[in-house]
């Protein structure tokens, strides 16, 4: 069963900390062909110039921490968190 059809799925991306500054927004609705959180991160990184590697970042889907390989579904809210700096 395909995750999304040709026209893609509608998801909401939410950005935190430096990602919010780089994207110039806190939240945006997207129609995407991305099927995983990692693919969506690559898509929005290209669009907004997000500079961190996913190996250093966290993702949550619908308010629950998730793996980058988690499959996206119609209506998901995907939250992107940059690395936390210690100090």
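Derivation of every value follows stated rules applied to the coordinates shown; laboratory data play no part. Keep in mind it's a predicted model, so treat the numbers as computed, not measured. We place every Cβ from the backbone using ideal geometry, glycine too, and count neighbours over all the protein chains shown.
Would you mind stating whether residue 10 is surrounded by 12 or more Cβ atoms within 10 Å (Cβ to Cβ), over 11 Å from the mean Cα position of the chain (by Cα) and outside any helix (DSSP H, G or I)? Criteria met by residue 10.
The set of residues from region 70-87 being under 20 Å from residue 24 (Cα atoms), in contact with a helix residue (DSSP H, G or I) (Cβ under 8 Å, 6 or more places away or on another chain) and crowded, with 16+ Cβ neighbours inside 10 Å comprises 78, 80, 81, 82. What are the residues in region 26-69 that are more than 17 Å from residue 10 (Cβ to Cβ), in a loop (DSSP other than H, G, I, E, B) and in contact with a helix residue (DSSP H, G or I) (Cβ under 6 Å, 6 or more places away or on another chain), if any? Within region 26-69, 26, 49, 50, 68 qualify.
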